[in-house]
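The block underneath contains the structure these notes are about, expressed in structure tokens.
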Amino acid sequence: MGQLVEQGFLSHAQLIDGRTATLKLTTEETRQFAAWMASLRAVYGRAPVAFVAGNAASYHVAQDYAEMGAGSNPVQVFAYVPAAEQWIELGGE
């Protein structure tokens, strides 16, 4: 994460392709991650994040993260990359 912060990536729109991963976070871990990202975004800026989930477990964790405030970012969870790309292109709001 240090390189992402140092290179200013947190203030740019992001598409995270999680189709080959499975997110395994508890509700509390997701809440802690959202709080940590909020503290980083307060300093380094906010930007839309599109997350493409490859399975139901990842979709639910990503959706929980979005509902918990997503570190003060607009976050949307998608099943398909083209829809995520379009959302980012339209400004992610």
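Restricting attention to region 25-42, report how many residues are surrounded by fewer than 16 Cβ atoms within 10 Å (Cβ to Cβ) and closer than 18 Å to residue 14 by Cβ.
Total satisfying the criteria: 3.
Mind counting the residues in region 38-69 that are among the aliphatic types (A, V, I, L, M), closer than 18 Å to residue 21 by Cβ and either touching an Asp or Glu at 6+ places or on another chain (Cβ under 6 Å) or assigned to a helix (DSSP H, G or I) (or both)?
Of the residues in that region, 6 qualify.
Filter region 70-93 down to the residues that are in a loop (DSSP other than H, G, I, E, B), of a type in the set (Gly, Ala, Ser) and exposed (fewer than 15 other Cβ atoms within 10 Å of the Cβ) and list them by number.
Within region 70-93, 79, 91 meet the criteria.
Of the residues in region 56-93, how many are within 24 Å of residue 32 (Cα to Cα), of a type in the set (Val, Ile, Thr) and at pLDDT 90 or above?
2
So, of the residues in region 56-69 that are touching a residue at least 12 places away in the same chain (Cβ under 8 Å) and surrounded by fewer than 16 Cβ atoms within 10 Å (Cβ to Cβ), which turns out to be farthest from residue 83 (Cα to Cα)?
Looking at the filtered set, the residue picked out is 69.
Taking the conditions exactly as written (buried (at least 18 other Cβ atoms within 10 Å of the Cβ) and in contact (Cβ under 8 Å) with a residue 40 or more places away in the chain), does residue 53 satisfy them or not?
Against the criterion (buried (at least 18 other Cβ atoms within 10 Å of the Cβ) and in contact (Cβ under 8 Å) with a residue 40 or more places away in the chain), residue 53 does not qualify.
The values are calculated or read from the model by the stated rules, or taken from the named source; none is laboratory data. These figures come from a predicted structure and were not determined experimentally. As a convention, Cβ positions derive from the backbone with ideal geometry for all residues, glycine included, and neighbour counts pool all protein chains shown.
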